[in-house]
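Report on the structure given below.
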């Protein structure tokens, strides 16, 4: 069994998961980091590794959530995991926020949504086996509802959503399930320099300077 360390800094919460090569797994989930990922990430990594009875050198790979979500949070997670990959010559397993949401819904066709503000969402659609059907897009509330109705998606997200019948994902469980699912295929791994953020649209700063 492969050992790994994974982090999700893409939203207001913080998730860190460590699994040693014997399968012992530790999960740290902070529901409200008040966007203090830069302060909280490394201490949480240290605690989670201790709880799993392992060190960074025991990891066969490192993983992080690459977006969509907070631009600043994503960059913090990416920089940290890239540093670990480089220091220990390990590959990276990128996981999207959409993956982590979709992997909590079982064998259900899922439209994973990440709030983007002002009743807009970052969205991606998955089939029952968690294959990507609808690539990441920026949709209004009305567009997301229409897509879900037309294609038979169940809507899910990490936060409560204003859609009838929508599901709220357990993001720690979703990250672990996504790693287990995607990690079974070596083609999903990348070298540290291949670990890139998923930005569905430009940041507000980039938009204002167009």
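Summary of values
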| item | result |
| --- | --- |
| Choice from 136, 94, 31 with maximal GNM fluctuation in the chain (Cα, 10 Å cutoff) | 31 |
| Euclidean distance of C-alpha centroids, segment 161-186 and segment 89-151, integer Å | 10 Å |
| Among 84, 163, 98: highest mean-square fluctuation, GNM of the chain, C-alpha pairs under 10 Å | 163 |
| Mean separation of Cα contacts under 8 Å (6+ apart) over length of the chain, as relative contact order % | 19 percent |
| For 27, 66, order by how many other beta-carbon atoms lie within 10 Å, fewest first | 27, 66 |
| Förster-model FRET efficiency, 25 Å R0, residue 146 and residue 170, C-beta, rounded to 0.05 | 0.35 |
| The chain, helix-only ellipticity at 222 nm - DSSP H runs n ≥ 4, -39,500 (n - 2.57), divided by all residues, nearest 500 | -10000 deg cm²/dmol |
| Identified option (computed Cα extents along the principal axes in Å; candidates [x] 67, 38, 31; [y] 91, 35, 17; [z] 47, 42, 30) | [z] |
| The chain: angle of helix 37-52 to the longest principal axis, Cα-based, in degrees nearest 10 | 60 degrees |
| Value of relative contact order over segment 98-168, rounded to a whole percent, pairs C-alpha under 8 Å and six or more apart | 29 percent |
| Antiparallel %, DSSP beta bridges [both residues in the chain], to 5 | 65 percent |
| Choice from 109, 149, 130 showing the highest fluctuation, given a GNM over the chain with Cα pairs closer than 10 Å | 149 |
| Pairwise label distance in nanometres, residue 190 with residue 128, each label 7 Å out on the Cα-Cβ vector | 3.1 nm |
| C-alpha long axis of helix 171-182 to longest principal axis of the chain, angle in ° | 80 degrees |
| Principal-axis tilt of helix 141-151 within the chain, Cα atoms, nearest 10 degrees | 90 degrees |
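No lab work stands behind these numbers, since they all come straight from the coordinates. Since we're looking at a predicted model, the values are computed, not measured. Cβ sites come from the backbone with ideal geometry, for glycine too, and all protein chains shown count toward neighbours.
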